[in-house]
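Take a look at the structure below.
The values are calculated or read from the model by the stated rules, or taken from the named source; none is laboratory data. Quantities reported herein were computed from a predicted structural model and do not represent experimental measurements. Cβ placement follows ideal geometry from the backbone for every residue including glycine, while neighbour counts extend to all protein chains displayed. Heavy atoms of the whole protein, side chains included, go into the accessibility calculation; ligands, DNA and RNA do not. Shrake-Rupley method; radii C 1.70, N 1.55, O 1.52, S 1.80 Å.
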Amino acid sequence: NCSLLYERVKEEDIDILINNAGFGMAGEFIHGDLDRELQMINTNIKALHILTKLFLKDFVHRDYGYILNVASAAAFLSGPLMATYYATKAYVRNFTLALRKEMQKANAHVYISALCPGPVQTEFSEVAQVKFALRGKSSMEVAKMAVDGMLGQKAQIIPGGLMKAAYVCCKLMPLFVLSEASYHIQKRKE
């Protein structure tokens, strides 16, 4: 339970929160297991939302702190064949950027960043039952870039040149092209 976790550590001198829990699942939405999808929403969105709320209040009160919310490059696309996962990561990214702006407008010394990596070498692909077309970055590489970006007060951290180029393409391409490309990328992972 997120509230119990917060209660257990709230008296500590915590000034960095990294929300990194999450998992994915592949397949057509219509055939997906609803209970598993709701577990994903609870893990990828609800837990992150609760912990961010609880710790952010403390950080604002002290006028100091960092929050790193782990989204994904999936946050930039609609994600057919992984619709729920992509949608949860879009929530994380947009939520994080909105809170970041609120902190800026309040002149708070609380910095919130969204990490949006592409494939990372973890057990994610086994849990989601997908095969990535690209060899992912090591978790150590991504962690270093994430911490450096967070401490550098970046709004959005996108590890690697290829993922940065993909992000720019996503901003320039029409939605129907992005959805079609996303579908084919996911189809190839099966």
State in Å² the accessible area per residue of the chain; use a 1.4 Å probe, count heavy atoms of protein chains only, and round to the nearest integer. 58
Rounded to the nearest 10 degrees, the helix 83-105 long axis (Cα) sits at an angle to the longest Cα principal axis of the chain of 30
Filtered trypsin sites (Lys or Arg not before Pro), region 1-95: DSSP coil and at most 13 other beta carbons within 10 Å: 10
Just 110, 70, 168 to compare: in a GNM of the chain, with alpha carbon springs under 10 Å, which one fluctuates most? 168
Which sequence of 150, 163 reflects their accessible areas, 1.4 Å probe, from the largest down? 163, 150
Residue 66's amide H: which non-local residues (gap 5+, or another chain) put their own amide H closer than 5 Å, with H modeled 1.01 Å from N in plane and none for Pro or chain starts? 16, 17, 111
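Would the chain count as rounded, prolate or oblate if I go by the C-alpha gyration tensor, calling it rounded below 1.5 in a/c and otherwise prolate when a/b exceeds b/c, oblate otherwise?
Working: a/c = 1.92, a/b = 1.51, b/c = 1.28.
Prolate, because a/c is 1.5 or more and a/b exceeds b/c.
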Name the residues of region 143-187 whose amide N is less than 18 Å from a point 7 angstrom out from the Cα of residue 29 along the C-beta direction? 175-187
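Could you look at the chain and say what percent of its accessible area is carbon and sulfur, using a 1.4 Å probe and all protein chains?
58
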What is the helix-to-structure angle for 139-151, meaning the angle in degrees between its Cα long axis and the longest Cα principal axis of the chain, kept from 0 to 90 and rounded to the nearest 10? 40
Extension reserve of the residue 9-residue 183 stretch, reckoned as 0.36 nm per residue once the Cα distance is removed: 58.4 nm
For 91, 86, the accessible-area ranking with a 1.4 Å probe, largest leading, is 91, 86
Restricting to DSSP H runs of at least four residues, report the calculated mean residue ellipticity at 222 nm for the chain, -39500 (n - 2.57) per run over all residues, nearest 500 deg cm²/dmol. -16500 deg cm²/dmol
Between the Cα axis of helix 175-189 and the main Cα principal axis of the chain, the angle (0 to 90°, nearest 10) is 80
With all protein chains present, calculate the accessible area of residue 13 using a 1.4 Å probe and round the result to the nearest 10 Å². 140
Given a 1.4 Å probe and the protein chains all in place, what does the accessible area of residue 30 round to, in Å² to the nearest 10? 140
Round to the nearest 10 and report in Å² the accessible area of residue 175, as given by a 1.4 Å probe over the protein chains' heavy atoms. 130
